[in-house]
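The values are calculated or read from the model by the stated rules, or taken from the named source; none is laboratory data. Please read these numbers as outputs of a predicted model, since none were measured by experiment. Counting neighbours? That spans all protein chains shown, and the Cβs are built from the backbone with ideal geometry, glycine included.
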């Protein structure tokens, strides 16, 4: 007695067994991005730019959040107002991250000279060339990414809405590993031993 296996079943089995290719996923809802990051056993740290005083700064401008060092650059410089981080001129705003991150997100939008959000076409592009293009109209509009392969080392924001609209971000969110309880305990123990030596 011979058994015949339909060709489609063999092909389907081969497809399931094939290794998944690395890819970058994009998100337009923060609650979905947050849930996906948590599902990957990572946590989220936020750079809200509130510790940066209002004013104009030379490019590049650097900061840190949750162990992620970031540097922002834009031709003509950076300007900050009430926690909104933006370009001084209507140009592209580029962030680089060290170390690279598996996930990054933010509230990206275009603003006018008075720092008011204006309807804009926003293009967000990652270091590997993948990205997102969409229309934004408020400071709470969200775009997020997660890479299941190589880490993300940079992100750029450009707006295509005229010569008086500036690329702006009102929060950057990073997906980072959750500190192991043992690691946190060792750091505390090291601090205690160091204190006793003094």
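Summary of computed values
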| item | result |
| --- | --- |
| Yes/no for residue 117 being over 27 Å from residue 42 (Cβ atoms) and in contact with a strand residue (DSSP E or B) (Cβ under 9 Å, 6 or more places away or on another chain) | yes |
| Residues of the stretch 78-100 classified as assigned to a strand (DSSP E or B) and at pLDDT 95 or above, total | 13 |
| Among residues of the stretch 101-118, those that are more than 15 Å from residue 131 (Cβ to Cβ) and not in a loop (DSSP other than H, G, I, E, B), counted | 7 |
| Residue satisfying all of: in the stretch 69-105; at positive phi and touching a residue at least 24 places away in the same chain (Cβ under 8 Å); surrounded by the fewest Cβ atoms within 10 Å (Cβ to Cβ) among these | 82 |
| Where residue 41 falls short, out of the listed (1) at negative phi; (2) in contact (Cβ under 8 Å) with a residue 12 or more places away in the chain | (1) |
